[in-house]
1. Taking a probe of 1.4 Å, how large is the accessible area per residue of the range 45-89, in Å²?
2. Assuming a ≥ b ≥ c are the square roots of the Cα gyration tensor eigenvalues, decide whether the range 1-78 counts as rounded (a/c under 1.5), prolate (otherwise, with a/b larger than b/c) or oblate.
3. Specify the residue with the greatest mean-square fluctuation among PRO113, PRO123, PRO31, computed from a Gaussian network of the chain linking alpha-carbon atoms under 10 Å apart.
4. If the cut-off is a Cα-Cα distance under 12 Å, which aspartates and glutamates reach LYS45, setting aside same-chain residues fewer than 8 apart in sequence?
5. With all protein chains present, how much of the accessible area of the chain (probe radius 1.4 Å) comes from carbon and sulfur, to the nearest whole percent?
6. Tell me, what is the percent relative contact order of the chain, built from C-alpha pairs under 8 Å that lie six or more residues apart?
7. Taking the structure as given and computing semi-axes √(5λ) of the Cα gyration tensor in Å, which label from [x] 27, 23, 12; [y] 26, 18, 15; [z] 33, 17, 14 fits?
8. Based on DSSP, what percent of beta bridges with both residues in the range 22-156 are antiparallel, to the nearest 5?
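The values are calculated or read from the model by the stated rules, or taken from the named source; none is laboratory data. Model, not experiment: these values are computed from the prediction. Note that we place each Cβ from the backbone using ideal geometry, even for glycine, and neighbour counts take in every protein chain shown. We work out accessible area using only protein heavy atoms, side chains counted, and drop any ligands, DNA or RNA first. Shrake-Rupley method; radii C 1.70, N 1.55, O 1.52, S 1.80 Å.
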Amino acid sequence: MRRSAGILLYGVVDDGAEGRIEVLLGHMGGPFWARKDAGAWTIPKGEYEPDEDPLSAARREFEEETGVSLPASDFLDLGEVHQSGGKVVRAWAVEGDLDASTLKSNTFEMEWPPKSGQMVTVPELDRFEWFDLDAASLKIIVAQREFLDRLVPRTL
């Protein structure tokens, strides 16, 4: 079973009477995802080894996929979800504030077009944006919506 760990960065925006939660999501990179929007966004995450601490892996993957190292903080364990491809994703939430336009993901090589023998280098996540929870629930991978639902009662 493939396992990934990730970080759901959130912020509380003061818009008057009460705060509104926003979350940072990354759009999956590569030609397959280039024209997709709904269901094409994810928390920064990555696979980890069975003997590796999942939170340490989540922090490492966040840095690799955003270029930003998270300071020590109180991380909220959001548990695990099972994605449709069989991957199990564990996530933690932490409050923070980053300029999404300055984030830069690591890259990987892939054959494109398929069976062409041509390799292209693409970012794991090609852009980042902050979304309120309603918009995020439309953008994020379906299985990861559960993380949004689990975040709300922990932050209010």
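1. Per-residue accessible area for the range 45-89 comes out at 54 Å².
2. Oblate, because a/c is 1.5 or more while a/b does not exceed b/c.
3. Fluctuation is largest for PRO113.
4. Hits, sequence-local ones excluded: GLU61, GLU63, GLU64, GLU65, GLU124.
5. In the chain, the share of accessible area belonging to carbon and sulfur is 49 percent.
6. Relative contact order for the chain comes out at 32 percent.
7. Computed from the coordinates, semi-axes √(5λ) of the Cα gyration tensor in Å corresponds to [y].
8. About 95 percent, rounded to the nearest 5.
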